[in-house]
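The structure under discussion appears below in the form of structure tokens.
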Amino acid sequence: MSFQALASLLMPSEPGQRALALEANEWWQFDRMAAAGADLVVWGRPPWPSGTSLRTLTRAAIARERALTRLRTKPPRPLQVVAVHRWRPPELRVRRARNRIREAFLSGALVELAAARRPTRVIDAASRMAAGTKTVQGFLPGSGGSAIIRLRLANGRQGILRVAPAGGQGDPAHAADALEHLAGDATGLVPRLLARGTTGGASWSLESGLSGHRPDRLTRAIAQGVARFCAGLPRTAGPPIAHHDDLRRIAAIYPRHEPRLRRIARSLDSRLRPLPAVMRHGDLWTGNLLALRTTLTGVVDWDGWHPSAAPGADLLQLLTMDEALRSRRHVGELWLQRPWNSESFARISDEYWRRLNLHPDPPTLEAVGIAWWAGQVAHSLSRDPTLSGDRCWTEAHLDRVLRALEC
């Protein structure tokens, strides 16, 4: 979650004004001297990571609210607060009562201050190009410094606009490629790509809105609906190769592990060779699903997709992420329990394997589990590069798994 990347979308789209992005420290202190002379300032900080101590979160949440109150009542003249955007962690998109309490402690914020009338921002220019809408009033901060905006289109239907710095971690171009790849989908569960482009250094995509809401929990009916959907995803000739891309990305960040990761890639080549390559979503969890009651109505946020992955990996991601959210345990810790051997995975994957006419044996299922792990780690690191500096995260998701694979 990059403050500078997201703040860049709130900068003026045209030159001529002095605009600053100032990231607050953990105690939400506003640097009035740094803001002096600016025509526009975007100030704030991203959410705290899960696992931060309750004492730290409590002090920071109090400091955040006091700072926001001070800025509203006593802004640094001639600047005035023109907008406050709450920045909640992406894992709290599912609106449970417990999540709302956690959100109050973990959330960050972005504050826009302007000396005069707020100029046309980069996010406004993208909205204008995509759908003719002039000013974006509110948005949902996404991963990698992206912004997600709900728009009312000219035909009266809802559209979803995604905007992020071009070439950055949250660039929606990759997800837009997935929607183009799925343009022939007949299930109605995939958004249609309506437009895409770049403006003011930002990349944007516009997709159709789907009915439904993010489910509060993963029911058996929704899980089975996802399994049927995944069984219909496109296949490619030849064996899966996504694990090569994933393991290379991990090795680039952790070069000390490169020899081990190369050995894992070679092992997976032989064990996955009998399987077809399938398109994967890559980040399948309840936060990226839409449902009406117990009926699946949409699969969204395709930024982790790959056209040639191991079958079954998306279903492992779905079940393990659900367990991680419910138990508040690391995905790496759950991987060590071999979820591909669980009864819950067997229940929802049975129809999936039958539709693909596959009967994977235990060694093959383990290979699918390793390939899923590689994709999950690689996608997490690409979405939030700061994780590589988190020793606890690295130990839980990488080091412990690698030690287990050597046993």
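The values are calculated or read from the model by the stated rules, or taken from the named source; none is laboratory data. Just so you know, these numbers come straight off a predicted model, no measurement behind them. Neighbour counts are summed over all protein chains in view; Cβ atoms, including those assigned to glycine, are modelled from backbone coordinates with ideal geometry. Please note that ligands, DNA and RNA were not included when accessible areas were found on the heavy atoms of the full protein model with its side chains. Shrake-Rupley method; radii C 1.70, N 1.55, O 1.52, S 1.80 Å.
Distance from the C-alpha centroid of the range 201-222 to that of the range 315-380: 22 Å, rounded to the whole angstrom. The simple spin-label model puts a point 7 Å past each Cα toward its Cβ; for GLN17 and GLU65 those points are separated by 3.1 nm. Just round it to a whole percent: the fraction of Cα-Cα distances in the range 78-212 exceeding 19 Å. Tail of the P(r) past 19 Å holds 57 percent of the pairs. In this structure the chain gives 46 Å² per residue of accessible area when probed at 1.4 Å with all protein chains present. Inter-part distance, the range 278-299 to the range 118-146, computed on C-alpha centroids, equals 26 Å. Counting protein heavy atoms only, the chain has 51 percent of its accessible area on carbon and sulfur, 1.4 angstrom probe.
With all projection directions averaged, the alpha carbon convex hull of the range 1-136 covers 9.0 nm².
Under 1.5 on a/c is rounded, so check that first for the range 251-407, then, if it is not, pick prolate when a/b is larger than b/c and oblate when it is not; a ≥ b ≥ c are the square roots of the alpha carbon gyration tensor eigenvalues. Oblate shape, in that a/c is at least 1.5 and b/c is the bigger or equal ratio. Our helix-only sum for the chain, with -39,500 (n - 2.57) per DSSP H run of n ≥ 4 divided by its residues, gives a mean residue ellipticity at 222 nm of -12000 deg cm²/dmol. What the pair-distance distribution of the range 160-215 shows, using all Cα-Cα distances binned every 5 Å from zero, is 4, 20, 27, 21, 16, 8, 3, 0 percent. Computed over neighbours whose Cβ is under 13 Å from that of GLN158, the net charge equals +3, Lys and Arg +1, Asp and Glu -1. Within the set of other residues whose C-beta is less than 14 Å from the C-beta of LEU110, count the net charge using Lys and Arg as +1 and Asp and Glu as -1. Here the count lands on +4. Considering only ALA116, ALA130, ALA313, the mean-square fluctuation computed in a Gaussian network model of the chain, springs between alpha carbons under 10 angstrom, is largest for ALA116.
Taking θ as phi - 60° and the Karplus parameters 6.51, -1.76 and 1.60, the scalar couplings of the range 168-174 work out to x, 5, x, 3, x, 4, 5 Hz in sequence order, x denoting glycine and proline. Once Cα extents along the principal axes in Å is calculated for the structure shown, the corresponding label among (i) 87, 54, 45; (ii) 74, 50, 44; (iii) 69, 49, 38 turns out to be (iii).
Taking Cβ atoms as reference points and 15 Å as the exclusive limit, the residues near GLY197 contribute a net charge of -2, counting Lys and Arg as +1 and Asp and Glu as -1. When only alpha carbons are used to place a centre, the range 168-199 and the range 1-58 end up 30 Å from one another.
Based on the Kirkwood approach, the hydrodynamic radius assigned to the range 214-300 is 15.2 Å, with every pair of different Cα atoms included.
Each label point was placed 7 Å from the Cα along the Cα-to-Cβ direction; for ASP245 and THR219 their separation is 3.4 nm.
With the cut-off at under 19 Å, measuring from each backbone N in the range 183-225 to a point 7 Å along the Cα-to-Cβ line of ARG347 picks out 215-225.
A full extension of the chain between HIS359 and GLU26 corresponds to an added length of 114.7 nm, given 0.36 nm per residue minus the alpha carbon distance.
Please determine, in degrees from 0 to 90 and to the nearest 10, the orientation of helix 258-272 with respect to the longest principal axis defined by the Cα atoms of the chain, where the helix direction is its Cα long axis. The answer is roughly 50 degrees.
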